[in-house]
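Structure first, then comments.
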């Protein structure tokens, strides 16, 4: 049985995107997260070692980082931690950015209107529509600037 209340849907219309963005503003101090419509992350779902008859690339399912076999799941949530997108994206050995690029969600994020964006962790590549934390020298500069103005 299909249940609309339980299905997840990424906001696509202007009205849906604005509503999603208003939700994130309620969580941020001084409206700092104005324009965010979702948060993205990857998850490694542990599985049994697949048989060679199930996949020609058994090694592709092994995550060297976690030392387990799995499937890379890409998912996004709204401001209330409700899923708005999820996909079994790639074998467990794939990095989050590679798995994300294989999903339809990648295209959806790229096509967000100006001043609307998704927040992701450092595993993704920062763009106008997918914001990620600063690292290295940029992080030190940003942290220094923040301390001056607060």
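Derivation of every value follows stated rules applied to the coordinates shown; laboratory data play no part. It should be emphasised that the depicted structure is a prediction, and the values quoted were computed from it without experimental measurement. Reconstructed Cβ throughout: ideal geometry from the backbone, glycine too, with neighbour counts over all protein chains shown.
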| Mind checking the angle between helix 14-25 and the chain's longest principal axis? C-alpha axes, 0 to 90 degrees, to the nearest 10. | 80 degrees
| message | Under the rule a/c < 1.5 gives rounded, and otherwise a/b versus b/c splits prolate from oblate, where does the chain land using the Cα gyration tensor? | response | oblate
| message | Report for the chain the percent antiparallel among DSSP-assigned beta bridges with both residues inside it, nearest 5. | response | 75 percent
| field | Listed peptides 112-121, 31-40 by packing density, highest first (mean Cβ within 10 Å) | value | 31-40, 112-121
| query | Relative contact order (percent) for the range 14-149, with alpha-carbon contacts under 8 angstrom and 6 or more residues of separation? | reply | 20 percent
| How many percent of Cα pairs in the range 1-60 exceed 14 Å? | 72 percent
